[in-house]
1. Applying the selection to segment 200-210, what residues are touching a helix residue (DSSP H, G or I) at 6+ places or on another chain (Cβ under 6 Å), crowded, with 24+ Cβ neighbours inside 10 Å and not in a loop (DSSP other than H, G, I, E, B)?
2. Kindly indicate the residue of segment 215-251 that is without any contact (Cβ under 8 Å) to a residue 60 or more places away in the chain and surrounded by 20 or more Cβ atoms within 10 Å (Cβ to Cβ) and also farthest from residue 164 (Cα to Cα) among those meeting that condition.
3. Test residue 100 against the stated conditions and say whether it is under 27 Å from the mean Cα position of the chain (by Cα) and farther than 30 Å from residue 162 by Cβ.
4. Go through (1) in a loop (DSSP other than H, G, I, E, B); (2) without any contact (Cβ under 8 Å) to a residue 40 or more places away in the chain; (3) over 20 Å from residue 103 (Cβ atoms) and name the single condition residue 16 misses.
5. Checking residue 183 against (1) out of contact with any strand residue (DSSP E or B) (no Cβ under 9 Å at 6 or more places or on another chain); (2) modelled with pLDDT under 95; (3) closer than 26 Å to residue 265 by Cβ, only one condition comes out false. Which one?
6. Tell me, please, whether a residue that is more than 24 Å from residue 184 (Cα to Cα) and buried (at least 20 other Cβ atoms within 10 Å of the Cβ) can be found in segment 28-35.
7. Is there a residue being crowded, with 17+ Cβ neighbours inside 10 Å, free of Cβ contacts under 8 Å to residues at least 24 places away in the same chain and part of a helix (DSSP H, G or I) anywhere in segment 169-185?
8. State whether the residues of segment 259-280 include one that is at pLDDT 95 or above, surrounded by 15 or more Cβ atoms within 10 Å (Cβ to Cβ) and farther than 25 Å from residue 146 by Cβ.
């Protein structure tokens, strides 16, 4: 695998000739010119992401304050544990995405990675807003520190964190490729059993504000999934064999194993609507879908049905409400709190 190089910040000897532009290893001047782009998909994503803006404090949590008290002990444990998991991983993302961007030499892609970094910070702020609004003061720090005390959670976040840290320590082509796949796994597989927990509570008229915030985050994660799908596919076109089955399949297998283990650990069979069987079915189903989107064969034959299809209306993944998206086809029209509503072309 050929070497990769960190791009220069000031590169007067660079060129903005699109025929010379590359995702990695190019020689761009780093000039942001959205009227002159090679990767037009990034241009479309930039416009859509900029039009859609939200902040968690706009979401009313009044009902959630009362509902949190009504939750059963297993439901509160799941709620707190999932928040701990989510806030830690989005904190990692906020710090890691800029490192990846240092090696991307297409300015239009750097722009949307910058927006992703901002959105990851908003997600962490959102989880903090939930924690500070709903959790008793003497319990809040327990949520932030839960990853230190719970071995399953520590191992879970440690898998991704080590891959990121390896790339920060040594910017080799192999570490870069693993970091890209880890990012894709985090955005496309890691979060969704947790998201479904919030949607299931909402289906029982519990924690409506929490579900609203998760819907906004879910929409952001969709754009990040599409972004890294395009980056990975583009790299495999420009650098044949950069990301192979030998690399991607073991990472997917480990991620699926840990997602199932964590979900069973923090939710198990204690929450109405979620079972260990449905967790396995859903996790392998979503992993198969994600592999197909990268043009790889699925890993898990027979796992082709979503056991939580009834939650799609609540999650708004089929475009029936204010947040419009087809989750697996990667088409978004609007998920904003502002007055701007604009379509998103099929990517």
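The values are calculated or read from the model by the stated rules, or taken from the named source; none is laboratory data. Since we're looking at a predicted model, the values are computed, not measured. Neighbour counts are summed over all protein chains in view; Cβ atoms, including those assigned to glycine, are modelled from backbone coordinates with ideal geometry.
1. Step one: of segment 200-210, the residues touching a helix residue (DSSP H, G or I) at 6+ places or on another chain (Cβ under 6 Å) are 202-203, 206-210.
The next check asks that each one be crowded, with 24+ Cβ neighbours inside 10 Å; those that pass are 207, 210.
Matches in segment 200-210: 210 only.
2. 221
3. Details: under 27 Å from the mean Cα position of the chain (by Cα): yes; farther than 30 Å from residue 162 by Cβ: no.
It is false that residue 100 is under 27 Å from the mean Cα position of the chain (by Cα) and farther than 30 Å from residue 162 by Cβ.
4. (3)
5. Failing condition for residue 183: (2).
6. From segment 28-35, those more than 24 Å from residue 184 (Cα to Cα) are 28-35; that's our starting set.
Narrowing the set further to residues that are buried (at least 20 other Cβ atoms within 10 Å of the Cβ) leaves 28.
The answer is yes, given that some residue of segment 28-35 is more than 24 Å from residue 184 (Cα to Cα) and buried (at least 20 other Cβ atoms within 10 Å of the Cβ).
7. Here is the first cut: in segment 169-185, the ones crowded, with 17+ Cβ neighbours inside 10 Å are 171, 175-185.
Then drop every residue that is not free of Cβ contacts under 8 Å to residues at least 24 places away in the same chain, which leaves 175.
Okay, now just the ones that are also part of a helix (DSSP H, G or I), so 175.
Scanning segment 169-185, I find at least one residue that is crowded, with 17+ Cβ neighbours inside 10 Å, free of Cβ contacts under 8 Å to residues at least 24 places away in the same chain and part of a helix (DSSP H, G or I), so the answer is yes.
8. no
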